[in-house]
Amino acid sequence: MPLFSKEETPVKVEVHGKPLQCRICDHDTFYKRRSQLNTQLATFFNVDWANRSAVCYVCAKCSHIDWFLGEK
Ligand SMILES: [Zn+2]
């Protein structure tokens with residue numbers, strides 16, 4: 001599965017009421033991805049938080065990824 005589909009439009013994102021800005025290139029639109037963090041990884045590190053789902057925003061310009069840990 002490709003990371004991006006060409007039809008997808010990057011969106012502006014707000015985190016805690018502030019517009020998210022790429023820390024690398026200062027761009028302000030992102031592709032949103034939601035993923036389940038790897039359970040094997042969680043087992044390996046023996047940490048509970050790694051079993052939560054995470055949201056990542058991929059900068060539309062430079063592809064830098066910002067991760068946010070979601071709710072359980
Ligand atoms: Zn960027």
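For the reader, a short list of remarks on this structure follows.
- Residues that are more than 19 Å from Gly70 (Cβ to Cβ), in a loop (DSSP other than H, G, I, E, B) and modelled with pLDDT of 65 or more do not occur anywhere in the stretch 31-45.
- Considered as a group, the residues in the stretch 8-30 that are part of a strand (DSSP E or B) and in contact (Cβ under 8 Å) with a residue 24 or more places away in the chain include one that is farthest from the ligand (Cβ to nearest atom), and that residue is Val15.
The values are calculated or read from the model by the stated rules, or taken from the named source; none is laboratory data. Remember, predicted model here, so these are calculated numbers, not experimental data. Don't worry about glycine lacking a Cβ; one is built from the backbone with ideal geometry, like all the others, and counts go over all protein chains shown.
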